[in-house]
Each structure stands twice: as structure tokens, then as C-alpha cells.
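Below is one structure, written out as C-alpha cells, with a few remarks after it.
The values are calculated or read from the model by the stated rules, or taken from the named source; none is laboratory data. Note that the coordinates shown come from a computational prediction; the quantities given were computed from them, not determined experimentally. Neighbour counts are summed over all protein chains in view; Cβ atoms, including those assigned to glycine, are modelled from backbone coordinates with ideal geometry. Accessible surface is based on the protein model in full, side chains and every heavy atom, while ligands, DNA and RNA are left aside. Shrake-Rupley method; radii C 1.70, N 1.55, O 1.52, S 1.80 Å.
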Amino acid sequence: MALKLYDSLTRSLKELTPSHADGVFRFYNCGPTVYASAHIGNFRTFIVNDVIRRLLELEFGKDKIKHVRNLTDVDDKTIKRSREEGRSLADVTKQWTEKFWSDCKALNCLDPHEQPTATGHIKEQVNMIEVLMEKGNAYRGADGSVYFKIDSFPGYGALSRIKERELKITDDAADSDHKDSVSDFALWKAYKPAEDGDVRWTSPQGAGEGRPGWHIECSAMIKKHLGETIDLHTGGVDLLFPHHENEIAQSQCCNGTTMANHWYHGEHLLVNGKKMSKSDGTFYTVDDIIEKGYSAAALRYALLAGHPRKQLNFTLKSLRDAQSALSQLRKYRAGLVRTANGLIPKSPSSDFALVILALNDDLNSPGALGILFREIHLFKPSELLPEHAAEILLAIDNILFAFGLDLTESVADELAIPEEITALAEKRWAAKQSKDWAAADALRAELTEAGWSMLDRKDGYSLEPLKK
Ligand SMILES: [Zn+2]
């Protein structure tokens, strides 16, 4: 079965197919703003995109995919950070781009084929703005900024179904004096010395100096690197409005053609049932998770354990479950390697075909993992013939590729916590929560006896083996 994803524009499940004659599938996803570490909610989106990329590779072939993800390296947040720290914008964004890349590598995400930057595409953005001005879709405001005229595009709101009333509420009131309509948005922001410091470029049609608005960045980079019509555009659900709605308006008015044949949006991540928050101690970066003693692979697994189009409640317990699942997978694969004894199979075993089918059905990752573990229990390596074990091994390696789980390398440092130790720790945590200190102490003694130390935190605990 071909890969099908929910399309936010038509609100239906649609098969993904390349639309260009060269057969290359063109895929864009909105990248990070590089002014700080991305948090695990951001990475949920990037990991889901990485799984889409992998499934596309499995279906169309590695060289028939072109995947582009931008870097937003100029906007209010990056400029504010560079001014606060007294460093150049380029210096700040370089630091956080490198950090983003190293987190992506730890999480085993494939590199997109192109990672263009907004500052590297000022000319392309200015060109698009000029076309929009010539066509009457954009105008220069009294403040020197250039705005997109929403009334000029009848299709506005098709993606988000945003009503006129809501549109006005979400508007940035500060600029409303300079615009024809309160709902128009900035394509080009006139230079403000007090806010922008030395960040400025020459603006379209001699309107004065300034910098591009955030939305035009993606439109310009998509056009340059993927063309006027792409096959799939993705991002987190928070980008659907206004960002993606504005991308459609700019690109379609400028190019006169459909911007993207398919729009996919992943849902938010919650931590302990709530929005992530710094004050609750639930705003996690990849480093925070690793410092707590979990592997990046466990984080990746935990973020894929829920359906990408549903909110996922992330807890430290979900990381412990992920670690135990990865440990089972690693043991299972090692068992297959032993039984297969170097045999090369003709094709992967069909016994595990339902796993990829579930992923291809709108990325049903929890369903796919459920099937995977059901099959693992049915086909024990010690009971298989070598040929069959070799076929299953190939099927498992395809599944691990699709999920992006690298058991041989990235999990090498993973801590395998025995189930009975996790059970003791859960019991002790429950005793502590109910203030049964005597029971908690007794359970801690049992854990110490078994060679494990339990470290308590406000929001949970971690386990570490005692040094011998
Ligand atoms: Zn974008």
C-alpha cells in the first residue's frame, strides 16, 4: 500500500505521489528558528517529518526524493537574542544552527538535501515581494513596510478555515495604523534602528531599508529549491495559521499556480498532561533528557509512540518504557543474527509486512509498534529456521530504518534497566507520593541491594547502576 497522509487542505486522507515528470517527490518542512535549543515538542515534529522522509525513500527510492528544510536565521527572536548578548546575528544563529544539527544527529534524523537560510535568500524574497507589488497583491504602508493585501487573494483562509472575525483578533495591532486592512500581514519590515541594530537590507522598490517578514522566507526558499509546485508541505499544527495560510497566499499570487499538493500537520506535545513550561520544570531539551540518564534513541521512540496527529502526553515513564522496548528489540535482533548465521535472504519476511502498512496508513506509529511486538512474540529466533530468521532480520531492518531506530550505534550507550528494577522503582515512587516514608526507605534498600541507585526529582526519578 502506498503512503497515505491526512491532507489538512482537503481534510481527507490522500496518497502521496510525485507530480513532476522527473518522478522526484518534492518535500518541504518548516525548520527551526535558530536562537536557542529546540525543545522536545519541536523535535516531535522533526522526527515525524524524518519518518515521512524514510517512508518516501522506501516507496520511491532514495534518489527520487528531494527534501528541503529551512533555517530561520533572521526574525524578532534571533535579533533580540543577538542584541541582548552583544553578538552579531550571524554569530548567534551559527551557534544554535550547530546545536540543532547535533541534536538532529543524536536523534538519528536524516539530513535534508538542502537546508537553506533566510539570510542567504534575501534576493529571492525581495524578488517575490516586487512581483506581488507589481501584481497589486502587496503595497507599501506609511511606515515603509510592505504588506500583503489579503483582500486581493480570494482563496485566503482555505487551509485554516479562519473566519474574518478571528483573523482580526490574531492581528498585530501595533502595525494596524499603517495597513489598509488590519488583517494584512508584513512581507517586508521597515528598518527600526532601536530594535534592529545593524540587521538591514535594501528593500523592494526603494521603500527604504529593512528585513523580510517570516512568512516570505519559506515561500522564497521553496520556489528556489523545489519549484513553484511541491508535492508535500509539512509542519507543526501551530504553523497552520497564520504561517502556512500566508505562505499559500504569497506563493500562489506570485507564481499563479498551486503551491503544495498536500499539507500535513503534526499535533502538539504535552508533558505530564500540560503544555510544556519552564516554571513547572517540564520544558525539556534533548540535553535535559540525556542528562536524566536516557538515550536519544529512547526519546525518539517515546515521541513516536503516540499517533502524530494526536496530542501526545510525554512523561518520564514513557521514556523508561521506550528504553525497555528498545532493549527488547536489540535482544530480538541479536537473536535473529545468531539464527540466520550470515544467510542472505531474497526478500524480507511478509510476516512483518503489516508494520510498514500501518505506518503507510497516515503514520499510525502506535499501531505499527503494537503489530511489531505482537509478531516478535510469535516468531522466536530460537525456534526459526535460518532462512526464515534471515528474512525476518531483513524485515526488521526495514522497520528500524522507517522508524529511524539505530540499535547498533545510537543505542550502544543505552542503559538497559531490568523490568524487576523498574517495578521496584515504580512502587517506591508511589510510596513516596503517598508519603509512606517507611515503605519508600525499605524499597530504596532493596534497590541498593540489587545494585541500583534511584535519584528523585520534582517531576519523577531516574535510575543509575551503582558503581562496582
Ligand atoms: Zn514555513
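A few points about this structure:
- Some residue of segment 299-314 being more than 25 Å from ASP103 (Cα to Cα), out of contact with any His (no Cβ under 6 Å at 6 or more places or on another chain), modelled with pLDDT of 95 or more and of a type in the set (Gly, Ala, Ser): no
- A single entry from GLY208, GLY256 fulfils the requirement of being more than 14 Å from the ligand (Cβ to nearest atom), without any contact (Cβ under 8 Å) to a residue 12 or more places away in the chain and on the phi > 0 side of the Ramachandran plot: GLY256.
- Selection status of LYS94, open to solvent by 20 Å² or more (accessible area, probe 1.4 Å) and away from the ligand (no atom under 16 Å from the Cβ): yes
- Taken over segment 1-30, the criterion of being in contact with a helix residue (DSSP H, G or I) (Cβ under 8 Å, 6 or more places away or on another chain) and either of a type in the set (Phe, Trp, Tyr) or within 16 Å of the ligand (Cβ to nearest atom) (or both) is satisfied by SER8, PHE25, ARG26, PHE27, TYR28, ASN29, CYS30.
- Candidates GLY213, GLY236, filtered to the one that is within 13 Å of the ligand (Cβ to nearest atom), over 20 Å from GLY141 (Cα atoms) and crowded, with 18+ Cβ neighbours inside 10 Å: GLY236
- Filter result (away from the ligand (no atom under 11 Å from the Cβ) and on the phi < 0 side of the Ramachandran plot) within segment 216-233: LYS223, LYS224, HIS225, LEU226, GLU228, THR229, ILE230, ASP231, LEU232
- Residues (open to solvent by 20 Å² or more (accessible area, probe 1.4 Å) and either part of a helix (DSSP H, G or I) or within 16 Å of the ligand (Cβ to nearest atom) (or both)) located in segment 36-56: ASN42, THR45
- Lone qualifier among ALA194, ALA186, ALA190 - being within 16 Å of the ligand (Cβ to nearest atom) and over 30 Å from LEU319 (Cβ atoms): ALA186
- Residue in segment 243-250 that is among the small types (Gly, Ala, Ser) and open to solvent by less than 30 Å² (accessible area, probe 1.4 Å) present: yes
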